[in-house]
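Chemist: Before anything else, here's the structure in question.
The numbers here are math on the coordinates, done by the rules we state, and not lab data. Everything numeric here is computed off the predicted structure, so don't read it as measured data. Neighbour counts are summed over all protein chains in view; Cβ atoms, including those assigned to glycine, are modelled from backbone coordinates with ideal geometry.
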Amino acid sequence: MRTFDLAPLYRSTVGFDRLFSMLDGFETAPGYPPYNIERTGENDYRITIAVAGFGEKDLSIESKENTLTIKGAKQAKQEQAGQVLHQGIAARAFERVFQLADYVVVKAAKLENGLLHVELVREIPEAKKPRQIPIGNGQAKAQVIETQVAA
């Protein structure tokens with residue numbers, strides 16, 4: 001019997017809490033940059049990406065249909081006065097793509113202490129929300145509405 005590792009699906013989708021078993025596909029990007037997906041409320045989510053060395057001008061966030069794309073690319077490198085002996089902070093370009101469930105929208109994004117926080121919320125339209133139907137006892141009489149015809 002063949003088994004499938006669904007862990008990549010959990011890492012690249014937001015808002016599909018009950019649909020993970022129905023999804024097909026795997027994460028294609030390597031692990032750079034690292035990120036977290038958090039559920040902060042019943043319909044609220046946060047994606048946090050470690051983007052050390054990137055400024056607001058180096059990052060772009062695009063939400064199109066059910067896809068959230070976050071790109072990072074350093075601007076032209078400025079000449080430094082000294083020579084770098086060891087470069088441990090990665091400055092390579094990246095692109096992260098997240099599949100969003102229906103009605104999940106991006107609310108805000110902020111860059112703080114080398115972490116990019118993207119706030120998401122699931123906004124279900126009133127027509128799609130479940131509603132309660134009252135149960136009657138069957139003794140209600142039909143009401144007749146009279147209308148007058150204009151002469």
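Chemist: For Lys71, list the lysines whose Cα falls under 23 Å from its own Cα; do not include residues on the same chain fewer than 8 positions away.
Modeler: Lys57, Lys107, Lys110
Chemist: Amide H neighbours of Leu115 under 5 Å, at least 5 residues apart or on other chains, H built in the peptide plane: list them.
Modeler: Val51
Chemist: Out of the GluC sites (Glu not before Pro) in the range 83-142, which ones are loop residues according to DSSP with at most 13 other C-beta atoms within 10 Å? Don't jump to the answer; show the numbers that get you there.
Modeler: Details: sites: Glu95, Glu112, Glu119, Glu123, Glu126; in loops: Glu123.
For GluC sites (Glu not before Pro) across the range 83-142 that sit outside H, G, I, E and B with at most 13 neighbouring Cβ atoms in 10 Å, the list reads Glu123.
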